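Scroll down for the structure; my scribbles are underneath it.
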Amino acid sequence: MSEARHFKDHHREARLFFARALFAGLVIVLLTGMLILRFFSLQVDHHEDYVTQSDRNRVHVLPIPPTRGLIYDRDGELLAENRASYTLSIVHERVPDLAETLAFLSTLVEVTPNDIEKFNDQLRQRRRPFDAVPLRYGLTEEELARLAVNEFRLDGVEVHAQLVRHYPDGELFAHTIGYVGRINESELAGFDPDEYQRYSGTHSIGKIGIERSYESELLGEVGYQNVETNARGRVLRVLESGDPKPGRDLTLHLDSRLQQEALAALEGHRGAVVAMDVATGGVLAAVSAPSFDANLFVTGISFKDYRELNQSRDLPLFNRFLQGQYPPGSTIKPVVAMGGLHYGIVTPEDTVYDPGYYKLKGSSRLYRDWKRWGHGPKVDFKQAIAESCDVYFYDLGFNMGIDKMHSFGYQYGLGQKTQIDLPNERRGIWPSRDWKRGARGEPWYPGDSLNVSIGQGDVLATPLQLASMVTTIANHGTRLRPQLVASVGGEPRPPITDQVVDVEDYISQLGIDAMAEVVHGQHGTAQRIARGAKYKMAGKTGTAQVVAIAQNAEYDSEALSERNRDHALFVGFAPLEDPQIAVAVLVENAESGSGAAAPVARRVFDAWLLHKDGELKE
Amino acid sequence: MPNQDFLRRLPESDRALRRRDRLQQRLHLDFWLLLLLLTVTAGGLVVLYSASDQSLATMKRQCIYFGLAYLTMFIVAQVPVHFMRRLAPWAYALGVVLLILVILYGVGAKGAQRWLSLGGFRFQPSEVMKLAMPMTIAAYLGQRHLPPVFKHVFWTLALVAVPTALIIKQPDLGTSILVAASGLMVLFFAGLSWRYIVAAVVSLLASLWPLWHFVMHDYQKKRVLTLLNPEADRLGAGWNIIQSKTAIGSGGVPGKGWLQGTQSHLDFLPEGHTDFIIAVLAEEFGLIGVLILLALYILIVLRGMMIAIRAQDSFGRLLAASVTLTFFVYVFVNIGMVSGLLPVVGVPLPLVSQGGTSIVTLLASFGILMAIATEPRKVIR
């Protein structure tokens, strides 16, 4: 300590210190100035920006999804409803130990490895802190109860309720009402800004059927809530709100009981039944069998279920009455025959000799009658229809020519969409010269006309088209548009007349009389279904070839595999004098229109026209 | 005598002044300083009440700590300054031992070992060092001729380096910087040659590169990067700064009103009751509130510097100045960090943030100031 011996110069040290203190004071003033400038910049210069930011932080617009419109059948039975469904979600930040919580949860509710995988995927994605990540949808009542009891042990576990579409008769109406499903990415990409807003609170959209075609009516209008939330996204206060407008309810022409009866009448066969209200064009029943449970699609169908449906040979997802295009066979013969009368090609009294085959002049090809030995020497208009005499129609078709045949049949809706209120309808084929040139690049041959006249060859029609056709016949040529929806939000939709066929009233009556003969005549092809009927019917059977039969070969059903057998068809209406209901029936590979399809129609007629005790309704 | 000039300028009658002067001397209190401290403390409690979402439990706890802290301040103020000088090396040695113990047996939180647990009582040895460091350096340099020569500078730096390194090791960058600064400030006030200072600043800047690549932890780097561009990670590391700037900016000049801050009350602002409490003040009391608080802090600093200038010897001067300037550094670093000027280093706002032992340490340092202020005058020849 040599310095200690020296004398300390206190004054000099004090002066030195004072200088340093002054310097420090300068630095302090400088730094404080910086802070003040900083706060001035934040609180004065950028005040507005930060106010906006702060409001954006705390105020959120929450869309409130509207309640989707309900769908009722004609008697007010609920066919599509909205049910509360409970979703289990986890707020990761509030869970003390995620693995433990998941393990505990799986003892309370069913949690599949698939659920956990999806959950982890979502957890890895970027999200706001304290966002709830869904783990399980559609909790059962029992699971809800178990969660409620254990709530105190489940920090960070939340249960939310939301409305989910439910179809009480999901399988019966899958092809008419259709279903809603989650909005997918391509649908989202197709939204315009307005739609984007309308769907902001909604997760599902109509995919097929009425749910799709009436989507805008069913959806309703989205409501909103301006809410104040904390950093965890929890809503603390509602600042302002606008109520959502529920979607409009639909009442259908469909009759649930008739629908059930039509399905039952098919007795497990693949096929389709369409029943129409003759007076309005309202569709009373529309069945495509087999079907599927529409509820599977609502919250997203599992891959396994979908594969099963999609790969089934029976094509349950295929809407047979709307998109199934079948050769209509003899069911179109009344139309062809009336066309012959209308154009004066034949008179009702003109007869044709039917030896069992028909031969074009200068051709060796034989056009066979379905009856090997023919229908006799003098087949007239009425007998031709009643017994479905092919040779009569070959002759008529040849004489009438395709142009007249096309023009007349087209007015009954053949070859054009019925414009029913369902999406993705098919139009079938009602051939013409133009069509053949366009589709085949070939000219029209006289032989083609022969095939068309008996509903074979290139002719294709959907069961719905056939129902529309037979309803038009019953209405003496007034073609009403088939409609499923009777009223929207209580407002009735009026019947729409799409066409008044250029046909004389007496000709229509002759056609109807001949169709009555099909059922009630001695040799009528469907005379079996008249047995025990309390009312009279008119109808026409049909059998449509699935595979072409070689020229000289016999149709041998035993040799054909089940899937290649003929389709059975029947169209008709009842009661004869005052038609109320018209029906088209298709039974795939059932061979005989009279044996398989006509009885289905009879059961549908009975269900509609008779009381439960079998008495005729007023 | 500079001190006589100061006394003459006070607007009280000589008699009243003398009476108060005597009372201050007897109680070893500096009334001006005490008044300022109590004002900030009271204001701080008002802000904390709002920031803690009106938690009475928090208020009670804070009041107990303040009671303890003011008591400590009063006790420390009674300690004679020359005794402090002799105590300093022992406090330093104790601090170093405790810091070593922390590294060996410390209790951790958030990846850092900062706490020693003694029979259920937890405390941070770095708190001891906050006081021991300036005392020791002041004691060492106070006995030397000033300005210090190279040898003394060297030993001073060594004394600063040991505890600083130990605290960095915990790791606690914020505290280590503050502890080192409190020691280096003594060196500065002792008249360290400007040549050394310039050389140090230059070499510090030059050492940033290796510091960044070899010394700093990832979370420390992240804090710096977040400061430079908080928007880059809005929901993660940038969240705190963005939310605190939003709170401050949205307060405007008059503020949103007490208990009316949305950022803080809706939990957007993290750590609103501890390190980020100035954001709550700025949101609810606006620029006006901030300026008043800054003014109070500046008055405290001025009073502290005045005490330092009036101190009787080098030890008192150096210690008082260092304690005062350290206090200002706390204020500046905290407010700078919350307003986005500096990286987030986890320094509480003195006298306002909710705290425990750090409040006691802080007021103990003001006790030192008061002891120096009220040291009985020696007759200088």
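Mind listing which chymotrypsin sites (Phe, Trp or Tyr not before Pro) in segment A:101-196 are in a DSSP loop and have 11 or fewer other Cβ atoms within 10 Å?
When the chymotrypsin sites (Phe, Trp or Tyr not before Pro) of segment A:101-196 are filtered for loop state and at most 11 Cβ neighbours within 10 Å, nothing remains.
Multiplying the sequence separation of A:Gln197 and A:Ala99 by 0.36 nm and subtracting their Cα-Cα distance, what value in nm do you get?
Full-extension gain reported as 31.5 nm.
Can you give the local net charge around A:His203? Use residues other than it whose beta-carbon is closer than 12 angstrom to its beta-carbon, Lys and Arg +1, Asp and Glu -1.
Taking every other residue near A:His203 into account, the sum is +2.
Mind checking which helices in chain B clear 27 Å along their axis (Cα) and have mean Kyte-Doolittle hydropathy of -1.0 or more, DSSP H runs only?
Once both thresholds are applied, what remains is B:31-51, B:56-78, B:81-105, B:277-310, B:314-338.
Around A:Glu110, under 12 Å between beta carbons, what's the net of Lys plus Arg minus Asp minus Glu among the other residues?
For residues surrounding A:Glu110, the net value is -1.
Within segment A:373-407, what residues put their amide N at less than 13 Å from the label point 7 Å along the Cα-to-Cβ vector of A:Asp458?
A:402-403, A:406
Counting DSSP beta bridges in the protein assembly as shown, what percent are antiparallel, to the nearest 5?
Taking every DSSP beta bridge with both residues in the protein assembly as shown, the antiparallel ones total about 95 percent.
Over segment A:316-365, with every protein chain in place, what whole percent of the accessible area is carbon and sulfur at 1.4 Å, could you tell me?
Carbon and sulfur: 49 percent of the exposed surface of segment A:316-365.
With helices defined as uninterrupted DSSP H runs, which ones in chain A have an alpha carbon span along their own long axis of at least 27 Å and mean Kyte-Doolittle hydropathy of at least -1.0?
Correct list, ordered by number: A:10-40.
So, for segment A:256-609, what is the accessible surface per residue at a probe of 1.4 Å, expressed in square angstrom?
Each residue of segment A:256-609 exposes 40 Å² on average to a 1.4 Å probe.
In deg cm²/dmol and to the nearest 500, what is the mean residue ellipticity at 222 nm of chain A if only DSSP H runs of at least 4 residues count, each as -39500 (n - 2.57), divided by the residue total?
It comes out at -10500 deg cm²/dmol, rounded to the nearest 500.
With the cut-off at 40 Å, report for the protein assembly as shown the share of all Cα pairs above it, as a whole percent.
Counting every Cα pair in the protein assembly as shown, those more than 40 Å apart make up 61 percent.
Working with all protein chains in place, sort A:Glu187, A:Glu13 by solvent-accessible area computed with a 1.4 Å probe, largest first.
Highest to lowest solvent-accessible surface, that is A:Glu187, A:Glu13.
5 Å is the cut-off here: which amide hydrogens, built 1.01 Å from N in the peptide plane, fall below it relative to A:Val283, excluding neighbours closer than 5 in sequence?
Close amide H contacts, sequence-distant or interchain: A:His253, A:Asp277, A:Gln483, A:Leu484.
Calculate one ³J(HN,Hα) per residue across segment A:490-498 by plugging θ = phi - 60° into the Karplus curve 6.51 cos²θ - 1.76 cosθ + 1.60, and present them in order as whole Hz with x for glycine and proline.
x, 8, x, 9, x, x, 10, 8, 8
Please list, ordered by chain and number, the residues whose modelled amide H lies under 5 Å from the amide H of A:Ile90; skip anything fewer than 5 residues away on the same chain.
A:Val133, A:Leu135, A:Glu158
Output the relative contact order of segment A:256-609, whole-number percent, from Cα pairs under 8 angstrom with separation of 6+ residues.
22 percent
Which whole number gives the average, over all residues in B:249-256, of C-beta atoms from other chains lying within 10 Å of the residue C-beta?
Rounded to a whole number, the mean comes out at 6.
Around A:Asp354, with a cut-off of 10 angstrom between Cβ atoms, what is the net charge of the other residues, counting Lys and Arg +1 and Asp and Glu -1?
-2
Explain nothing, just the number: dipole magnitude of chain A about its Cα centre with +1 on each Lys and Arg Cβ and -1 on each Asp and Glu Cβ, in debye rounded to the nearest 20.
1500 debye
Report the label-to-label distance for A:His10 and A:Ala264 in nanometres (one decimal), using points 7 Å from each Cα along the Cα→Cβ vector.
12.0 nm
With each pseudo-label sitting 7 Å past Cα toward Cβ, what's the A:Leu366-A:Gln162 distance in nm, one decimal?
6.8 nm
Name the residues of segment A:40-80 whose accessible area, probed at 1.4 Å, falls by at least 30 Å² once all protein chains are in place instead of their chain on its own?
Residues passing the criterion (a loss of at least 30 Å², heavy atoms only) are A:Leu42, A:Gln43, A:His47, A:Tyr50, A:Gln53, A:Ser54, A:Asn57, A:Arg58.
Among A:Gly457, A:Thr497, A:Ser508, flag the residue with its Cα farthest along the positive direction of the charge dipole of segment A:429-573, charges on Cβ as +1 for Lys/Arg and -1 for Asp/Glu.
A:Thr497
If you rank B:Arg122, A:Arg479 by how much accessible surface each has, with a 1.4 Å probe, what is the order from largest down?
Of B:Arg122, A:Arg479, the descending order of accessible area is B:Arg122, A:Arg479.
With heavy atoms of protein chains only and a 1.4 Å probe, what residues of segment B:266-282 have at least 20 Å² less accessible area in the full set of chains than alone?
B:Leu266, B:Asp267, B:Phe268
List the accessible area buried at the contact between A and B, summed over both sides and calculated with a 1.4 Å probe, in Å² to the nearest 100.
4600 Å²
Rank A:Lys617, A:Lys378 by accessible area, highest first, at a 1.4 Å probe radius?
If we order A:Lys617, A:Lys378 from most to least accessible, we get A:Lys378, A:Lys617.
Residues of segment A:572-597 with backbone nitrogen within less than 20 Å of a virtual label 7 Å along the Cα-to-Cβ line of A:Glu77, please, listed as ranges.
What the label zone holds, given the 20 Å backbone N cut-off, is A:581-584.
Quick one: what are the phi-derived ³J(HN,Hα) couplings along segment A:277-286, Karplus 6.51/-1.76/1.60 with θ = phi - 60°, whole Hz, x for glycine and proline?
6, 4, 6, 10, x, x, 7, 8, 8, 8
Which distance in nm do the two modelled labels at A:Gln419 and B:Ile103 give, with both placed 7 Å along the Cα-to-Cβ direction?
Placing both labels 7 Å along Cα→Cβ, they lie 9.1 nm apart.
Counting only Cα atoms, I'd like the Rg/Rh figure for segment B:277-348, Kirkwood definition for Rh.
Ratio value, two decimals: 1.08.
Amide H to amide H under 5 Å from A:Ile64: which residues, 5+ apart in sequence or cross-chain, H placed 1.01 Å off N in plane?
Distant-sequence amide H within range of A:Ile64: A:Gly223, A:Tyr224, A:Gln225.
Rounded to a whole number, what % of the accessible area of chain B do carbon and sulfur atoms account for, probe 1.4 Å?
The value for chain B is 69 percent carbon and sulfur by accessible area.
What does the accessible area per residue of chain B come to in Å², with a 1.4 Å probe and no ligands, DNA or RNA counted?
Here the per-residue accessible area is 45 Å².
I'd like the Karplus ³J(HN,Hα) series for segment A:412-418: coefficients 6.51, -1.76, 1.60, θ = phi - 60°, whole numbers in Hz, and an x wherever there's a Gly or Pro.
With coefficients 6.51, -1.76 and 1.60, one gets 7, x, 5, x, 9, 5, 6 Hz.
Could you compute the FRET efficiency for B:Lys221 and A:Ser241, with r as their C-beta to C-beta distance and R0 at 35 Å, rounded to 0.05?
0.15
The values are calculated or read from the model by the stated rules, or taken from the named source; none is laboratory data. Everything numeric here is computed off the predicted structure, so don't read it as measured data. So basically every Cβ, Gly included, is an ideal-geometry build from the backbone, and we count neighbours across all protein chains shown. Just so you know, the surface numbers come from the protein's heavy atoms only, side chains and all, with ligands and any DNA or RNA stripped out. Shrake-Rupley method; radii C 1.70, N 1.55, O 1.52, S 1.80 Å.
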